[in-house]
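Colleague: Structure below; questions to follow.
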Amino acid sequence: MMGAADKAELGFEEEDDMAAGTPPPARKMQSLDFEHIGSLAAVAESLSPRSKWRMTLRSIRIVIFQAKINVLLPFGPLAITLHYLSGNHQGWVFLFSLVGITPLAERLGYATEQLACYTGPTIGGLLNATFGNATEMIISIYALKNGMIRVVQQSLLGSILSNMLLVLGCAFFAGGLAHPNRDQVFNKASAVVNSGLLLMAVLGLMFPAVLHFTHSEAHYGKSEVSLSRFSSCIMLVAYASYLFFQLKSQRSLYSPIGEEEESTEDEEDEKEIAQGEAISWLFVLTIWISILSGYLVDAIQGASESLNMPLAFISVILLPIVGNAAEHASAIMFAMKNKLDITLGVAIGSSTQISMFVIPFCVVIGWMMGEEMDLNFQLFETATLFITVLVVAFMLQEGTSNYFKGFMLILCYLIVAASFFVHVDPKSTGDNK
């Protein structure tokens with residue numbers, strides 16, 4: 001008897017298939033080859049220059065022309081034009097720069113959300129907080145380069161207050177109205193850890209201020225700066241440990257509630273641009289924000305005088321509202337979708353990142369630049385931050401949110417804003433520090 005292998009070698013297998021009325025395997029392979037060639041042709045078409053241009057134009061349409069807030073984009077070039085015109089236009093340059101940065105910050109948040117769709121919710125929340133704070137970091141570095149240390153301190157403090165009271169309050173309020181019949185639930189363990197880190201940040205800011213105002217420095221004018229630099233290094237180590245603890249060591253403990261129940265179809269629907277396109281847009285938007293931030297910082301002092309508005313109010317209230325446009329939009333959107341853990345990751349996570357990373361980072365950068373940037377934020381600002389952290393910590397301790405809690409946080413922010421409007425910074429009349 002001849003085996004199947006022998007038949008295959010002698011070519012009898014095809015004759016047996018023909019006798020049985022079935023097509024030979026060679027023809028099957030031929031049809032499969034045609035399908036394979038067709039798929040390769042589709043891939044080649046997607047990689048062609050024409051297809052790349054089509055994808056680029058589609059990305060520009062989605063990011064630039066689809067968002068209604070982008071009607072404010074022309075204010076950026078207009079601010080730059082006014083800056084180089086003769087005459088005192090500092091107030092208008094500041095306002096136009098402020099308005100021009102707003103859509104850029106919002107689009108930066110959108111590109112971050114698109115990138116987060118490819119990374120998962122935990123890393124996505126970290127990306128939202130990081131790139132959401134890119135605007136504040138850029139403005140701070142420009143101001144620090146110009147020796148405007150008080151502007152750096154007050155704008156970063158204002159960003160923390162804005163995220164914790166205004167952004168989180170609006171998110172809780174909008175989420176509560178979208179889900180009026182029940183409290184929304186979030187991961188209480190993550191909120192408690194963030195509250196602890198914020199209290200540690202208050203600790204780091206409080207001791208240099210107390211040391212200064214009690215006149216108990218061992219070396220007057222130097223101990224305060226040295227303590228600030230040492231505390232900043234400790235805070236950076238603490239934040240790095242927190243990232244490792246959250247993302248690696250105890251990742252399951254801090255995963256969003258109901259994460260395993262979320263369908264991948266919703267995530268696919270949210271993906272509007274490719275991962276590479278999102279990274280490219282982050283790069284482009286960050287550069288454009290950097291350019292406008294330079295003109296914004298240059299016009300702050302003149303705007304304070306021409307608009308007859310306290311510099312502290314501009315730094316603590318106006319600048320952070322623009323810088324937090326991305327967090328504001330995304331936090332409200334996630335709260336209305338009942339994704340409170342991502343909302344907290346954006347709002348509270350952003351405050352934690354500014355207090356434990358951005359502020360100490362600015363102290364270290366100022367150290368390298370030769371600027372005596374310290375953690376002495378003055379008693380008024382430090383007390384405001386301390387009370388704000390306590391209020392928010394009490395609001396988060398139950399692990400639930402509703403529209404009333406959000407409304408209370410918004411009212412607290414209005415009180416803080418009014419306080420800074422009538423507050424005269426004791427250092428603004430002397431030097432820039």
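Colleague: For region 398-419, list residues with backbone N below 13 Å from a point placed 7 Å from the Cα of I387 toward its Cβ?
Modeller: 412-419
Colleague: For K145 and K271, what is the calculated FRET efficiency with R₀ set at 41 Å and r taken between the beta-carbons, to the nearest 0.05? Spell out each step's value before the answer.
Modeller: Numbers: r = 38 Å, r/R0 = 0.93.
The pair K145/K271 has a calculated efficiency of 0.60.
Colleague: Determine ³J(HN,Hα), in whole Hz, for all residues of region 189-203 in sequence, where each value follows from phi through the Karplus function 6.51 cos²θ - 1.76 cosθ + 1.60 and θ = phi - 60°; x replaces Gly and Pro.
Modeller: 4, 5, 5, 5, 5, 5, 4, x, 5, 5, 5, 5, 5, 4, 4
Colleague: Provide the net charge surrounding Q90, with neighbours chosen by a C-beta distance below 12 Å and charges set as Lys +1, Arg +1, Asp -1, Glu -1. Present the calculation step by step, with values, prior to reporting the outcome.
Modeller: Working: positive: none; negative: D298, E305.
Taking every other residue near Q90 into account, the sum is -2.
Colleague: Calculated FRET efficiency, H423 and E398, Cβ-Cβ r, R0 30 Å, to nearest 0.05? Could you put the intermediate results ahead of the total?
Modeller: Working: r = 33 Å, r/R0 = 1.09.
With R0 = 30 Å, the Cβ-Cβ based efficiency is 0.35.
Colleague: Residues of region 270-373: accessible area per residue at 1.4 Å, in Å²?
Modeller: On the way: 3510 Å² over 104 residues.
Roughly 34 Å² per residue, with all protein chains present.
Colleague: So, one more: What order, most packed first, do the peptides 93-102, 393-402, 339-348 have when packing is the mean number of other Cβ atoms within 10 Å of each residue? Let's see the in-between values first.
Modeller: On the way: 93-102: 23.9, 393-402: 17.3, 339-348: 28.1.
Going by the mean number of other Cβ atoms within 10 Å, highest first, we get 339-348, 93-102, 393-402.
Colleague: Using θ = phi - 60° and the Karplus form 6.51 cos²θ - 1.76 cosθ + 1.60, what ³J(HN,Hα) does each residue of region 107-113 get, whole Hz, x for Gly and Pro?
Modeller: 5, 4, x, 5, 4, 5, 4
Colleague: Let me ask you something else. Send over the Kirkwood Rh of region 284-393, from the inverse of the averaged 1/r over different Cα pairs, rounded to one decimal Å. List each step's numbers first, then the result.
Modeller: Working: mean 1/r = 0.0608 Å⁻¹.
When all Cα pairs of region 284-393 are included, the Kirkwood radius is 16.4 Å.
Colleague: Rounded to the nearest 0.05, what FRET efficiency do L203 and S280 have when you use their Cβ-Cβ distance and R0 = 25 Å? Kindly include the intermediate steps, with their values, before the conclusion.
Modeller: Numbers: r = 41 Å, r/R0 = 1.62.
FRET efficiency, L203 to S280: 0.05.
Colleague: Here's a follow-up. Heavy atoms only, probe 1.4 angstrom, no DNA, RNA or ligands counted: give me L78, L73 ranked by accessible area, highest first.
Modeller: Working: L78 75, L73 40 Å².
These residues rank, largest area first, as L78, L73.
Colleague: Continuing with this model, one more query. So between S216 and L379, what do we pick up on full extension, going 0.36 nm a residue minus the alpha carbon distance? Could you put the intermediate results ahead of the total?
Modeller: Working: separation 163, 0.36 × 163 = 58.68 nm, distance 1.55 nm.
Result for the pair: 57.1 nm of gain on full extension.
The values are calculated or read from the model by the stated rules, or taken from the named source; none is laboratory data. All values reported here derive from a predicted model rather than from experimental measurement. Cβ sites come from the backbone with ideal geometry, for glycine too, and all protein chains shown count toward neighbours. Side chains included, ligands, DNA and RNA excluded: accessible areas come from the protein's heavy atoms. Shrake-Rupley method; radii C 1.70, N 1.55, O 1.52, S 1.80 Å.
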